[in-house]
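A.B. asks: Dropping the structure in here first, questions after.
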Amino acid sequence: MKVLTTRSGLLATGATILLLWLALPGGGGLWPLLAVACVPLLVCVCRGTRLQALGFGFLAGFGHFLLQLYWIVFVLGHYGGLPLIFSVPALLLLVCYMAASVMAFSLLAQLFVRRFPAGLSLWLLPCAWVGVDWLRSFLFSGFPWMDLGYGLAGLPVLLQSADIWGHYGLTFLLVLLNSLLALLIINREGRRGALRLMVPVCLLLAMVAVYSGERWQQLQSGVLERESLVVAVVQGNVDQSQKWLPARQQETVLDYIEQSRQLMHALPRPDLVIWPETALPFYPLAHPLLEPLQRFVSQEQVMLLTGAPWYEQKSDSQREMKFFNSSLLFDSTGEIVARTSKTHLVPFGEYVPLKRFLSFLEPLVEAVGDFSPGKIHAPPACQKASIGVLVCFESIFPDISRKWVDAGATLLVNMTNDAWYGRSSAPHQTLAMTRLRAVETRRSVVRSANTGFSAFIDPLGRLQQLSPLFVHWGAGERVEIMAERTLFVRGGYLFAPACFVLTIFGGGGVLLRRWAGERKG
């Protein structure tokens with residue numbers, strides 16, 4: 001095997017970084033490139049030394065995630081008040097953590113290709129990629145940002161198998177394709193060996209394509225037979241730097257009410273109006289600005305779901321308060337009939353982990369309070385629908401939407417405040433990830449964002465309506481109400497941990513083969 005030079009390794013790594021950026025939402029969005037984007041890296045790490053596999057794998061991950069997450073410096077600096085001397089190292093630390101997953105995959109890829117037959121390593125490679133992605137989704141609070149499967153969000157017809165195995169299944173297929181091409185490049189088994197690799201992959205792709213096409217037709221043909229709810233979304237476009245100023249609170253609430261009132265005269269008339277995360281920039285209990293809001297819903301006889309901070313006393317014997325990032329459901333009389341709270345909080349955004357040792361980061365949470373996590377319970381009811389509420393970046397966690405649906409939700413609502421991201425790639429990325437939640441659970445997703453993107457997403461993952469960024473916007477849409485529990489919800493979510501287990505077995509197999517070889521020696 002030809003020795004890998006540092007120059008060729010750097011070129012291959014750079015090619016993968018560039019191709020992934022061009023392929024994924026927020027970059028070029030050229031999704032067909034996902035079928036080949038990882039080939040240069042795979043060939044590079046399989047031909048190099050173990051040290052090269054680690055180094056080039058880390059470098060590929062570092063460059064890839066740096067392009068995906070550069071906007072964090074803006075969030076930490078502009079809104080968190082951290083100078084560049086702190087915000088840039090914070091970004092680099094996060095990127096290094098994310099890059100470690102690609103480094104681990106690269107080492108595993110080299111071991112599998114060198115120690116196992118090509119026919120086995122072909123399937124272990126996508127297992128390893130999905131396995132480390134899944135591990136990253138919960139390790140150290142979890143941050144499953146822009147896994148490869150999300151790159152297909154722009155072409156919903158390709159997403160439909162996600163209702164079986166989630167977005168991780170789509171990632172598996174993409175890495176499988178890349179692995180096949182890489183093994184064909186480095187494989188020396190000739191045409192017959194290449195054919196043995198290609199046939200099962202082509203069969204799997206054909207099966208997935210047939211299933212996706214059938215599900216697409218099945219769901220399209222049944223649209224008119226399902227229950228529906230007319231939902232309206234208001235995008236207030238409130239400047240984040242002004243949002244929490246007491247002098248702006250009345251103006252904010254009255255603006256939301258006026259925009260909502262205009263939508264009430266549209267046809268069809270909304271059954272439910274949704275405002276974004278913390279659209280009420282105050283704690284609503286006994287607040288005087290609650291009165292015009294209640295008057296609006298009672299006059300218009302409409303239900304309102306809005307984001308708001310909330311607090312409650314920890315116990316009768318304690319005066320200490322617990323704070324929540326919540327959603328409040330008002331009925332047509334103006335009463336709060338349901339409340340849910342965000343279950344997965346943003347580290348260093350809504351709470352400071354290890355605050356005793358990281359007190360210099362507390363400015364990040366001063367504006368909104370130090371929140372406590374909520375719990376997923378019976379979803380709030382609105383006429384024919386039961387609503388599962390995903391607050392902010394909870395839409396990037398497939399397990400949260402799955403748990404809401406398992407609890408009985410027939411409609412998902414994602415209320416968020418993406419003003420933090422500015423005009424970066426982040427809103428495009430979060431929208432793509434949210435679209436997969438609709439397909440996985442077969443639920444309509446209504447997205448209400450302060451500055452956009454607000455959207456109506458149907459159970460096929462299609463955008464029915466989409467707002468521009470940083471404008472006042474309001475729209476209504478008749479959304480489907482579905483009660484089906486998909487295979488993903490019932491057990492398909494275990495696909496990713498199963499890949500992780502198979503990766504562990506593969507790694508154990510490598511150790512056993514080495515141990516057996518040493519004994520023979």
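Since every read-out is calculated from the coordinates, none of them should be taken as a lab result. The model shown is predicted, which means the values in this text are computed figures rather than measured ones. FYI the Cβ positions are ideal-geometry reconstructions off the backbone, even for glycines, and counts take in every protein chain you see.
A.B. asks: Give me the number: length gained by fully extending Phe138 to Val471, i.e. 0.36 nm times residue separation minus the C-alpha to C-alpha distance, one decimal in nm. Let's see the in-between values first.
C.D. replies: On the way: separation 333, 0.36 × 333 = 119.88 nm, distance 3.44 nm.
Separation in residues times 0.36 nm, less the Cα-Cα distance, equals 116.4 nm.
A.B. asks: Would you calculate the volume per residue, in Å³, of the smallest convex hull containing every Cα atom of the chain? Intermediate values should be presented prior to the final figure.
C.D. replies: Values: hull volume 84.3 nm³, N = 521.
It comes to 162 Å³ per residue, whole-number rounded.
A.B. asks: Now, a different point. Between the DSSP loop rule and a limit of at most 10 other Cβ atoms within 10 Å, which chymotrypsin sites (Phe, Trp or Tyr not before Pro) in the stretch 138-189 are left? Before the final figure, lay out each step's value.
C.D. replies: Working: sites: Phe138, Phe140, Trp145, Tyr150, Trp165, Tyr168, Phe172; in loops: Phe138, Trp145.
Within the stretch 138-189, no chymotrypsin sites (Phe, Trp or Tyr not before Pro) qualify (loop, at most 10 other Cβ atoms within 10 Å).
A.B. asks: If you don't mind, there's one more thing I want to ask. Over the Cα atoms of the stretch 225-490, Rg to Rh with Kirkwood Rh, two decimal places? Working shown, then result.
C.D. replies: Numbers: Rg = 17.5 Å, Rh = 18.5 Å.
Reported Rg/Rh (Cα atoms, Kirkwood Rh): 0.95.
A.B. asks: Separate question: Compute the relative contact order of the stretch 225-490 as a whole-number percentage, counting only Cα pairs closer than 8 Å that sit 6 or more residues apart in sequence. Working shown, then result.
C.D. replies: Details: 604 pairs, mean separation 57.3, N = 266.
This gives 22 percent for the stretch 225-490.
A.B. asks: Just to confirm the filter: which trypsin sites (Lys or Arg not before Pro) across the stretch 173-270 are DSSP coil and have at most 11 other Cβ within 10 angstrom of their Cβ?
C.D. replies: Arg188
A.B. asks: Sticking with this structure for a sec: Looking at the stretch 1-95, which trypsin sites (Lys or Arg not before Pro) are DSSP coil and have at most 14 other C-beta atoms within 10 Å of their C-beta? Walk me through the numbers before you get to the answer.
C.D. replies: Values: sites: Lys2, Arg7, Arg47, Arg50; in loops: Lys2.
In loop regions of the stretch 1-95 (DSSP not H, G, I, E or B), the sparsely surrounded trypsin sites (Lys or Arg not before Pro) are Lys2.
A.B. asks: While we're looking at this one, here's another question. Per residue of the stretch 381-391, in order, report the coupling 6.51 cos²θ - 1.76 cosθ + 1.60 (Karplus, θ = phi - 60°) as ³J(HN,Hα) in whole Hz, putting x for Gly and Pro.
C.D. replies: 9, 9, 6, 7, 10, 10, 9, x, 9, 9, 9
A.B. asks: If I model a spin label as a point 7 Å beyond the Cα along the Cα-Cβ vector, how far apart are those points for Leu285 and Asn187 in nm?
C.D. replies: Placing both labels 7 Å beyond Cα along the Cβ direction yields 6.5 nm.
A.B. asks: Please flag any cysteine in the chain that has no other cysteine's Cβ under 4.7 angstrom from its own Cβ.
C.D. replies: Cys38, Cys44, Cys46, Cys96, Cys202, Cys382, Cys392
A.B. asks: Still on this structure, I have one more. Could you list which residues have their amide H under 5 Å from that of Gln465, counting only those 5 or more apart in sequence or on another chain, with H placed in the peptide plane?
C.D. replies: The answer is Phe456.
A.B. asks: Also, I was wondering about something else. How would you classify the stretch 1-98 from its alpha-carbon gyration tensor, with a ≥ b ≥ c the square roots of the eigenvalues: rounded for a/c under 1.5, else prolate if a/b is greater than b/c, otherwise oblate? Write down the numbers at each step before the final one.
C.D. replies: Numbers: a/c = 3.74, a/b = 1.68, b/c = 2.23.
Note, shape of the stretch 1-98 comes out oblate.
A.B. asks: Here is a follow-up. Counting only DSSP beta bridges with both residues in the stretch 392-511, what percent are antiparallel, rounded to the nearest 5? Mind showing how you got there, number by number?
C.D. replies: Numbers: 6 of 11 bridges.
In the stretch 392-511, DSSP labels about 55 percent of beta bridges as antiparallel.
A.B. asks: Please report the antiparallel percentage of the DSSP beta bridges confined to the stretch 225-348, to the nearest 5.
C.D. replies: Numbers: 16 of 22 bridges.
Looking only at bridges with both residues in the stretch 225-348, the antiparallel portion is about 75 percent.
A.B. asks: Report the number of Lys pairs in the chain whose alpha-carbons are under 15 Å apart, with separation of 8 or more residues or on distinct chains.
C.D. replies: Numbers: Lys314/Lys322; Lys322/Lys342; Lys322/Lys375; Lys342/Lys375; Lys342/Lys403; Lys375/Lys403.
Going through the chain pair by pair, I get 6.
A.B. asks: Order 285-294, 388-397 from most to least packed using the mean count of other Cβ atoms within 10 Å.
C.D. replies: Details: 285-294: 13.5, 388-397: 26.1.
Taking the mean over residues of other Cβ atoms within 10 Å, the ranking is 388-397, 285-294.
A.B. asks: Would you mind ranking Ser106, Ser161 by Cβ crowding within 10 Å, fewest neighbours first? Intermediate results must be reported in sequence, preceding the final value.
C.D. replies: On the way: Ser106 29, Ser161 22.
Least to most surrounded, the residues fall as Ser161, Ser106.
A.B. asks: Relative contact order for the stretch 109-250 using alpha-carbon pairs under 8 Å, separation at least 6, rounded to a whole percent? Working shown, then result.
C.D. replies: Working: 89 pairs, mean separation 32.1, N = 142.
The value is 23 percent.
A.B. asks: With each run of n ≥ 4 DSSP H residues scored as -39500 (n - 2.57), what mean residue ellipticity at 222 nm is computed for the chain after dividing by its residue count and rounding to the nearest 500 deg cm²/dmol?
C.D. replies: Numbers: 14 runs with 244 residues, N = 521.
Calculated mean residue ellipticity at 222 nm is -16000 deg cm²/dmol.
A.B. asks: Using the scaling law 2.2 N^0.38 Å as the reference, what is the normalised Cα Rg of the stretch 200-246? Don't skip to the answer; put the middle values down first.
C.D. replies: Details: Rg = 21.9 Å, N = 47, 2.2 N^0.38 = 9.5 Å.
Rg over 2.2 N^0.38 Å, computed on Cα atoms: 2.30.
A.B. asks: Going highest first, how would you order 273-279, 424-430, 94-100 by mean Cβ packing within 10 Å? Before the final figure, lay out each step's value.
C.D. replies: Numbers: 273-279: 27.0, 424-430: 21.7, 94-100: 18.1.
Descending mean neighbour count gives 273-279, 424-430, 94-100.
A.B. asks: Right, next: First check a/c for the stretch 382-482, with a ≥ b ≥ c the square roots of the eigenvalues of its C-alpha gyration tensor; if it is under 1.5, answer rounded, and if not, answer prolate when a/b is larger than b/c or oblate otherwise.
C.D. replies: Values: a/c = 1.89, a/b = 1.45, b/c = 1.30.
It is prolate, given that a/c is not under 1.5 and a/b is the larger ratio.
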